[in-house]
Amino acid sequence: MKATVFALALLWAGALCAQTPTAPPPNAAAHLDKLATLLDLTDAQKAQVQAVLEAEHAKIRAAHEQAKASGTKPDWEQMKALHQQIQQETLQKLTPVLSEAQLKKFQTLQEMHHEMMHEHFGHGGPPGADTPPPSQN
């Protein structure tokens, strides 16, 4: 049972990694269903969690679009800080919706997602940040 929950958590976190911050998830309903199963959400909780996560996604998308519209390349550290701020707001909004156990599971899923992103991008920086520049001969 524990292995099944862990496998589902990895699938859910992996699906989040495949999303781009500016495009809606291709199968958001399936992701929400997986999350509802992992957290054992009631129908009322599922609707509330969906609204909170959609708002989070919209904020992130708007921030990326604003940075793109400014004509300058967004600073990685600023965007990372913004993502963290939005995630903290999401946790605050979910606190009255979820039980303590559900909230803890949600935070664990978020941490797993961050670890997967860390492995994908290397040390939490932008793509290629952990590779040395080519030598000049």
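So here's what we get for this one:
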{"quantity": "Gain on full stretching of the segment that runs from ALA81 to GLN107 - 0.36 nm per residue minus C-alpha separation", "calculated": "7.6 nm"}
{"quantity": "Where labels lie 7 Å past Cα in the beta-carbon direction, separation of ALA67 and GLN92 in nm", "calculated": "2.1 nm"}
{"quantity": "Charge-dipole axis of the range 46-114 as Lys and Arg at +1 and Asp and Glu at -1 on Cβ define it, positive-most pick from HIS57, GLN85, GLN107", "calculated": "HIS57"}
{"quantity": "Qualifying lysines (Cα of each under 28 Å from Cα of LYS105; at least 8 residues distant if same chain)", "calculated": "LYS2, LYS34, LYS46, LYS59, LYS80, LYS93"}
{"quantity": "P(r), alpha carbons of the range 46-114 - 5 Å bins starting at zero, rounded %", "calculated": "3, 15, 23, 24, 15, 10, 7, 3, 1"}
{"quantity": "Förster-model FRET efficiency, 25 Å R0, ALA29 and GLU100, C-beta, rounded to 0.05", "calculated": "0.40"}
{"quantity": "Modelled label reach - ALA55, point 7 Å along Cα→Cβ, the range 90-115 residues with backbone N closer than 16 Å", "calculated": "90-98"}
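Every number here is computed from the coordinates shown, using simple stated rules; none is lab data. Small disclaimer: the values here were computed from a predicted structure and weren't measured. With ideal geometry, Cβ positions are generated from the backbone for all residues, glycine too; neighbour counts draw on all protein chains shown.
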